[in-house]
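The values are calculated or read from the model by the stated rules, or taken from the named source; none is laboratory data. Since we're looking at a predicted model, the values are computed, not measured. Virtual Cβ from ideal backbone geometry, glycine too; neighbours counted across all protein chains shown. Protein only, heavy atoms only, side chains kept; ligands, DNA and RNA dropped before computing areas. Shrake-Rupley method; radii C 1.70, N 1.55, O 1.52, S 1.80 Å.
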There are 4 protein chains.
Amino acid sequence: MTVKSKKALILAGSRGIGKAITNSLGQIPSYDALGLSSKDLDTSDINKCMEICDLYPNGVDVLVLNTGGPPAKPFSEISIEDWNKFHNQLFLGFALILQKMKINDNGFIFLISSYNIKEPDPNLILSNTYRIASTSLLKSLSPQFAEKEITCINIASGPMDTDRFNELSSDPIAAGKGFPMQRVGKPAEIGDFVASIVEKNISYLSGATINFDGAISRGIF
Amino acid sequence: MTVKSKKALILAGSRGIGKAITNSLGQIPSYDALGLSSKDLDTSDINKCMEICDLYPNGVDVLVLNTGGPPAKPFSEISIEDWNKFHNQLFLGFALILQKMKINDNGFIFLISSYNIKEPDPNLILSNTYRIASTSLLKSLSPQFAEKEITCINIASGPMDTDRFNELSSDPIAAGKGFPMQRVGKPAEIGDFVASIVEKNISYLSGATINFDGAISRGIF
Amino acid sequence: MTVKSKKALILAGSRGIGKAITNSLGQIPSYDALGLSSKDLDTSDINKCMEICDLYPNGVDVLVLNTGGPPAKPFSEISIEDWNKFHNQLFLGFALILQKMKINDNGFIFLISSYNIKEPDPNLILSNTYRIASTSLLKSLSPQFAEKEITCINIASGPMDTDRFNELSSDPIAAGKGFPMQRVGKPAEIGDFVASIVEKNISYLSGATINFDGAISRGIF
Amino acid sequence: MTVKSKKALILAGSRGIGKAITNSLGQIPSYDALGLSSKDLDTSDINKCMEICDLYPNGVDVLVLNTGGPPAKPFSEISIEDWNKFHNQLFLGFALILQKMKINDNGFIFLISSYNIKEPDPNLILSNTYRIASTSLLKSLSPQFAEKEITCINIASGPMDTDRFNELSSDPIAAGKGFPMQRVGKPAEIGDFVASIVEKNISYLSGATINFDGAISRGIF
């Protein structure tokens, strides 16, 4: 029997992409993969973000920063409460966790963001703005983490077969057909991708933002 | 005598880059250019941001979103108060003004950001993260503003000969010598640039983020 | 009478965007602006590119690298002759001119490229690939030119009201209506932009690639 | 015994990164991985590029476009012969192979490029310009390949522990120490990465350019 000597912590890890990552990481023999639900931790609750760090005094080896998406809202209807809530949920909560959580040497930090960081969607301004802020944060920190052999990777996810996508899209199957691959992505593709990087210790990917969108984005990079 | 039929409002317009823009816009005969000082409006004061919009019921023709920079701080020393203050000052204040301020048709919105939006500086995380959030916001809104012939332009400024640069750099003259042009930029270059665009109505620049850094940034774009 | 002490050379300067730049630069009192036609210089003719440099032994103060666009062709139909011809016309000719032409200190080099450098158009592969190569070249050279106070600027033009656009588009007026500004760009906007930068000596723009596409491109930068 | 029903073809696959990819792909039970040496195929030889396609009438399932790097040369010393040779080797040869080679449905195309596509190195202009041209080509084609479930991925490699790096760097060990991870990358990291994507069929990565440079690049993306 393999000792589960390594710990992976996946935020928003009980559904959708987060759950798929939890599942895939859990299949690595040496890993104990813990997917927190949004009940366990709602990252818009700043105090909770800091408390959670105390639960892992021995640190974690893999940290996956993930969260549900904010609602689609016309710009004019976004309230101050919305701005502040999603500032917390999509950015500040992650920043505080990165300040306080012990990440073990040779570990990995993954941010699950969105392809709208590169090509902002006018209907998803809360998502666009705070996810790109988190992207900038992780990039800013990556050289410093690199000194401890900790690898930072940002996955800019496109439309995935999740409850989230099915809510945002009026006709998700038709929407999928319109994409270059004639389908949305499978959460397991991201799960397998993350687990492969961890299992094979592909640490030189540090600092990368990786589009994961089935050739939808038009940008050359 | 030319009637000053157009109004330009420049936030943080009493010093540095903002003052230079105010000066240059003020030389366009038809323009009344009003540079607000940080006493007139501190964009970290959310209520003040909304009140200021009421002072211009006839709208403005040019709006320059500008603000002083946050302090350089190691990541570990950034407090929750810092995060929230600069979230307001560098992002939320601008967002609220964009929601409420009347911008006249055929007008211009300029955001003065920083070259650290593209190449984040590990010592300026507060600046990196919230300025890129504002960049994403302006880009998200640019197609919608374009429908009213309002042009959105983001200027990603490099080191400029301002009090700000002289504070951040231990030896600003030596620092300037190390740059490709062997100097920092002159605020008047940005002022003249903005005024030329407005005066000649070069509106097809809408949506652009323009590096203004004397060939310092390494990125191809 | 002002002495025309400065010389601007505009390739493909007798039509479209190039002609507009020639016109605008020609209105600066100290400038003699010479727009070459494609008969004067076809940049796909490598020998001619080198010969032309000998005509300006005293150097030029502004050089505008511009050329007509290649045809839209499906990838499968691009012949070796096409690849080589447009390699010369859109890239190698410019490279050789940059190697040989004397650019006077404090001068300007403009490259007129296309917004397809950032968001490649599957139907314009010859244009996408060689224009981005030229972009990379100019960026690579910009720090070296900066040492002589020579400013390099790349203008990534979107659809403009030129013969070229009218040929590529089956219904150019309808196409324009579909854009965020409900119109294509005016060549004079680029002409005025270039002339303003030169006249006001806004040299700290060096190294920039500037989108000029009326908010069409979706990329955040 | 597993039938080797799938074929992977790796250009420049006998040394360095290419060899590592050949090794890793060869460990997938169903794959026959064939690494061509530069003697088997020098992609600067256009005729050879086309002939090679005829050797695989049943198509390949994985194609890795890889080639040795061009020499570091000051811009002024690059000859017309250099431009043309490396145009062929780093770009045109790949384009012709992509036009002619049969890639089986559900296959993968990898381009091994360089981090200098995003941050051009003034001393490596031949590499910068033609590798970014190939990047643009692959991106242009990715939606079209996606229709046949063929996935296109570009790996923008940073400094790797290869003969190439050891030639370019006067003191490779010291150079490695100066990087954020205090080392260069291991070719096996890229090999394992490519093989994981293929083996687990992570096809929704299509269209991505993935930095593989140990947090060296400064760009946010």
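For the reader, a short list of remarks on this structure follows.
- Test: residue in segment A:204-219 that is over 20 Å from D:SER196 (Cα atoms) and open to solvent by 20 Å² or more (accessible area, probe 1.4 Å): yes
- Candidate set: segment D:42-58, residues that are part of a loop (DSSP other than H, G, I, E, B) and open to solvent by 10 Å² or more (accessible area, probe 1.4 Å); chosen: the one nearest to D:GLY107 (Cα to Cα): D:ASN58
- Subset of segment C:144-177 [open to solvent by less than 70 Å² (accessible area, probe 1.4 Å) and among the small types (Gly, Ala, Ser)]: C:ALA146, C:ALA156, C:SER157, C:GLY158, C:SER169, C:ALA174, C:ALA175, C:GLY176
- Matching option when the condition is more than 27 Å from A:PHE165 (Cα to Cα) and assigned to a loop (DSSP other than H, G, I, E, B), among A:PRO70, A:PRO29: A:PRO29
- Here B:PRO120 passes the criteria (1) open to solvent by 20 Å² or more (accessible area, probe 1.4 Å); (2) in a loop (DSSP other than H, G, I, E, B); (3) more than 10 Å from chain C (Cβ to nearest Cβ) except the one numbered (1).
- The number of residues in segment D:137-176 being farther than 29 Å from C:ILE125 by Cβ and polar (S, T, N, Q) comes to 4.
- Taking the criterion of being more than 7 Å from chain D (Cβ to nearest Cβ) and charged (D, E, K, R), the only residue of segment A:199-212 that qualifies is A:GLU199.
- Conditions (1) more than 7 Å from every other protein chain (Cβ to nearest Cβ); (2) open to solvent by 20 Å² or more (accessible area, probe 1.4 Å); (3) not small (Gly, Ala, Ser): number failed by A:ILE109: (2)
- Residue in segment A:190-201 that is nearest to D:SER217 (Cα to Cα), counting only those that are open to solvent by less than 40 Å² (accessible area, probe 1.4 Å) and touching a residue at least 40 places away in the same chain (Cβ under 8 Å): A:ILE197
- Residue count, segment B:127-164 (criterion: assigned to a helix (DSSP H, G or I), at the interface with chain C (Cβ under 10 Å from one of its Cβ atoms) and touching a strand residue (DSSP E or B) at 6+ places or on another chain (Cβ under 7 Å)): 5
- The single condition among (1) within 26 Å of C:ILE202 (Cβ to Cβ); (2) polar (S, T, N, Q); (3) more than 14 Å from chain A (Cβ to nearest Cβ) that C:GLN89 does not satisfy is (1).
- Any chance A:PHE86 is buried (at least 20 other Cβ atoms within 10 Å of the Cβ) and touching a helix residue (DSSP H, G or I) at 6+ places or on another chain (Cβ under 7 Å): yes
- Criterion: out of contact with any Cys (no Cβ under 8 Å at 6 or more places or on another chain) and on the phi > 0 side of the Ramachandran plot - qualifying residue of B:GLY59, B:GLY69, B:GLY26: B:GLY59
- Residues of segment D:202-218 that turn out to be out of contact with any helix residue (DSSP H, G or I) (no Cβ under 8 Å at 6 or more places or on another chain) and over 14 Å from A:ILE155 (Cβ atoms), as a count: 1
- Residues of segment A:123-143 that are surrounded by 23 or more Cβ atoms within 10 Å (Cβ to Cβ), closer than 15 Å to D:ALA215 by Cα and not hydroxyl-bearing (Ser, Thr, Tyr): A:LEU137, A:LEU138, A:LYS139.
- Under the condition of being in contact (Cβ under 8 Å) with a residue 24 or more places away in the chain and touching a helix residue (DSSP H, G or I) at 6+ places or on another chain (Cβ under 7 Å), the residues counted in segment A:122-145 number 12.
- Filter pass, B:VAL184 being in contact with a Gly (Cβ under 8 Å, 6 or more places away or on another chain), more than 8 Å from chain C (Cβ to nearest Cβ) and crowded, with 23+ Cβ neighbours inside 10 Å: yes
Matching residues to (1) more than 16 Å from the chain's Cα centre (by Cα); (2) over 24 Å from D:MET50 (Cα atoms):
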site	(1), (2)
D:PRO71	yes, yes
D:GLU77	yes, yes
D:ASP82	yes, no
D:PHE86	no, no
D:GLY93	no, no
D:TYR115	no, yes
D:LYS118	no, yes
D:ASP121	yes, yes
D:LEU137	no, no
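- Restricted to segment B:1-18, and to residues there that are in contact with a Pro (Cβ under 7 Å, 6 or more places away or on another chain) and part of a helix (DSSP H, G or I), the residue that is surrounded by the fewest Cβ atoms within 10 Å (Cβ to Cβ) is B:GLY16.
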